[in-house]
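The values are calculated or read from the model by the stated rules, or taken from the named source; none is laboratory data. For clarity, every value in this text was computed on a predicted model and none was experimentally measured. Glycine also receives a Cβ, built like all others from the backbone with ideal geometry; neighbour counts cover every protein chain displayed. Heads up: the accessible areas ignore ligands, DNA and RNA and are worked out on the full protein's heavy atoms, side chains in. Shrake-Rupley method; radii C 1.70, N 1.55, O 1.52, S 1.80 Å.
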Amino acid sequence: MATLLITPPGNAVHRDFFSVGGVDIPEDAEMEFSTAVGIVKVRPDFMFPHLALLEALPGSVPVGSVDLRIISATVPPSNVVPITVTAGPAPALRILQTGEAKTRPYTIAFVANPAIESASGVKFGPDPILTNRPGFQNLVLHGLRNLFQVTEDLLRQHDFHARVRIISIFDPT
């Protein structure tokens, strides 16, 4: 059996999204973060055969150089990918899934708006979600589940969902 090959599309920051792309990631996958002092295993919050996503990288994963791999009871472990974990700050733009390997892949963006229209439609003001990054991350995860795991299957036809770039933008400025 061939080794599962994984690639994280971005840097690793405590309490921010963290994802890994691959092919045939098993449903029972766990992310295994290894350092000289120990191993931390984390079950992804959102899974597809091409994506394993954490809503928030836990603080139990040590800051610094870490070896990452996907482990499973049903398939051999993935390749080991060296990553650097930081305590922050989280980036304003996070690529959750890289999408198709082309210059401008179809993209779905989850955006914490800098301003939203009032309920009366008269004026614009700051979006309160910009003071609640964990709440925003939870809403993105909820949106991903609704887009990709409910009855509607338009995006899943012919594995189109694997070719879509998915990003989140959380920028209070």
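I want to confirm something. Restricting to region 70-112 and keeping residues that are in contact with a Pro (Cβ under 9 Å, 6 or more places away or on another chain) and open to solvent by 60 Å² or more (accessible area, probe 1.4 Å), which single residue is farthest from Ala29 (Cα to Cα)?
Thr98
Which residue out of Val13, Val42 is open to solvent by 10 Å² or more (accessible area, probe 1.4 Å), under 20 Å from Pro62 (Cα atoms) and touching a strand residue (DSSP E or B) at 6+ places or on another chain (Cβ under 7 Å)?
Val42
Can you find even one residue in region 134-146 that is assigned to a strand (DSSP E or B) and either more than 14 Å from the chain's Cα centre (by Cα) or modelled with pLDDT under 90 (or both)?
no
What residue, among those in region 18-38 that are assigned to a loop (DSSP other than H, G, I, E, B) and within 18 Å of Ala162 (Cβ to Cβ), is most open to solvent (accessible area, probe 1.4 Å)?
Checking each candidate, the answer is Glu27.
Check region 47-67 and report whether any residue there is charged (D, E, K, R), without any contact (Cβ under 8 Å) to a residue 40 or more places away in the chain and in a loop (DSSP other than H, G, I, E, B).
no
Being open to solvent by 40 Å² or more (accessible area, probe 1.4 Å) and at pLDDT 90 or above, is that true of even one residue in region 154-167?
Yes, the conditions are met somewhere in region 154-167.
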